[in-house]
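Note sheet for the following structure.
The values are calculated or read from the model by the stated rules, or taken from the named source; none is laboratory data. Source: prediction; values computed, not measured. Methodologically, a virtual Cβ is constructed for each residue, glycine included, from the backbone with ideal geometry; neighbour enumeration extends over all protein chains shown. Just so you know, the surface numbers come from the protein's heavy atoms only, side chains and all, with ligands and any DNA or RNA stripped out. Shrake-Rupley method; radii C 1.70, N 1.55, O 1.52, S 1.80 Å.
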Amino acid sequence: MDAAFLSFYPALETNKGLLAKLQALKLVVFDVDGVLTDGRLLYTEQGETIKRFNVKDGVAMKLLPKWGIQVAVITAKDSAPLRQRMKELKVEHFYPGCHNKAEAFDELVERLGIKPEEAAYVGDDVIDLQVMPKVGVALCPADAHILLQRHCPIILSKAAGEGVAREVADMVLASRMSLEQAYELAQKPEFEK
């Protein structure tokens with residue numbers, strides 16, 4: 001465990017059960033717009049959507065599965081750039097254009113054979129409240145809607161699109177080992193393949 005890193009999160013001090021929940025996670029589910037992106041939609045003259053992703057999140061989403069924690073993305077939007085990014089990151093559990101996130105989540109945990117409390121969910125807006133009450137750990141970016149902040153025991157220090165997934169991965173991995181140990185895998189040349 002990396003107690004020095006975890007000490008930045010007062011919720012882990014005041015709610016001792018949260019640490020145990022982080023340690024028990026087998027799945028982390030991310031929303032996209034407002035979590036992995038800053039939530040802005042840019043359109044070209046041809047009407048194509050442009051999204052901006054943070055490369056730090058990519059490292060996190062590739063690192064978690066290497067330590068046995070599956071990654072999923074459930075998002076209401078769908079676009080070619082989003083599909084391309086998920087393909088690059090090899091996100092196996094990808095639900096684009098999903099307006100019933102609770103149903104998608106229920107199907108996913110059943111298919112994976114895990115309990116809902118063995119999952120974390122990271123969202124930023126009211127549609128994400130469909131899933132958050134079901135999971136073991138609910139998290140949101142620093143700039144999430146106030147209703148989300150009321151339902152999340154952990155409000156991250158990062159705002160949308162600024163490395164939210166990386167912060168979540170660091171927290172989950174720090175609950176189990178030192179971050180130095182966790183990132184040994186990311187330092188190997190084959191990690192980027």
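What does DSSP give for region 1-149 in terms of the percent of beta bridges that are antiparallel, rounded to the nearest 5?
10
Could you derive backbone 3J(HN,Hα) for region 59-76 from the dihedral phi with the Karplus parameters 6.51, -1.76 and 1.60 (θ = phi - 60°), listing whole Hz in sequence and x where the residue is Gly or Pro?
Karplus values, whole Hz, x for Gly and Pro: 4, 4, 6, 8, 7, 3, x, 5, 9, x, 10, 6, 10, 9, 10, 10, 9, 6.
Which of the aspartates and glutamates could be linked to Lys115 by a straight reach, that is with a Cα gap under 13 Å, when you skip same-chain ones fewer than 8 residues away?
Correct list for Lys115: Asp106, Glu107.
Could you identify which residue out of Leu19, Leu42, Leu89 has the top mean-square fluctuation in a GNM of the chain using Cα springs shorter than 10 Å?
Leu42
Relative to the compact-globule scaling 2.2 N^0.38 Å, provide the ratio for the alpha-carbon radius of gyration of region 12-55.
1.86
State log₁₀ I(q)/I(0) for region 1-148 at q = 0.09, 0.15, 0.21 Å⁻¹ as given by the Debye formula over alpha-carbon point scatterers of equal weight, solvent excluded.
Log-scaled intensity ratios, in q order: -0.28, -0.80, -1.52.
Would you mind checking which residues have amide H under 5 Å from Thr37's amide H? H placed 1.01 Å from N; only 5 or more apart, or other chain.
Those qualifying (amide H under 5 Å, at least 5 residues apart or on another chain) are Gly161.
Hey, in the GNM for the chain with a 10 angstrom Cα cutoff, which one of Thr44, Thr75, Thr14 fluctuates hardest?
Between Thr44, Thr75, Thr14, it is Thr44 that shows the largest mean-square fluctuation.
At a temperature of 4 °C and a viscosity of 1.567 mPa s, determine how fast region 105-193 diffuses translationally according to Stokes-Einstein, using the Kirkwood radius over alpha-carbon pairs as Rh; express D in µm²/s, rounded to the nearest whole number.
90
Roughly speaking, what is the stretch gain from Glu88 to Thr14, that is 0.36 nm per residue apart minus the C-alpha to C-alpha distance, in nm to one decimal?
Working it through step by step, the gained length comes to 22.8 nm.
Going by amide H atoms built from the backbone, whose H comes under 5 Å of the H on Ala72, apart from near neighbours?
Under 5 Å from the amide H of Ala72: Val28, Val29, Phe30.
Quick one: pull the percent of accessible area on the chain belonging to carbon and sulfur, 1.4 Å probe, ligands and nucleic acids left out.
For the chain, the apolar C and S fraction of the accessible surface comes to 51 percent.
Of the cross-linked pairs Lys51/Lys188; Lys87/Lys188; Lys21/Lys87; Lys21/Lys77; Lys21/Lys51, which ones have a Cα-Cα span greater than 27 Å in the structure shown?
Lys51/Lys188; Lys21/Lys87; Lys21/Lys77; Lys21/Lys51
If you keep only loop residues by DSSP, which GluC sites (Glu not before Pro) in region 1-85 have at most 15 other Cβ atoms within 10 Å of their Cβ?
Within region 1-85, the qualifying GluC sites (Glu not before Pro) (loop, at most 15 other Cβ atoms within 10 Å) are Glu45, Glu48.
Can you tell me the accessible area per residue over the chain, all protein chains present, probe 1.4 angstrom, in square angstrom?
Ligands and nucleic acids excluded, the result is 49 Å² per residue.
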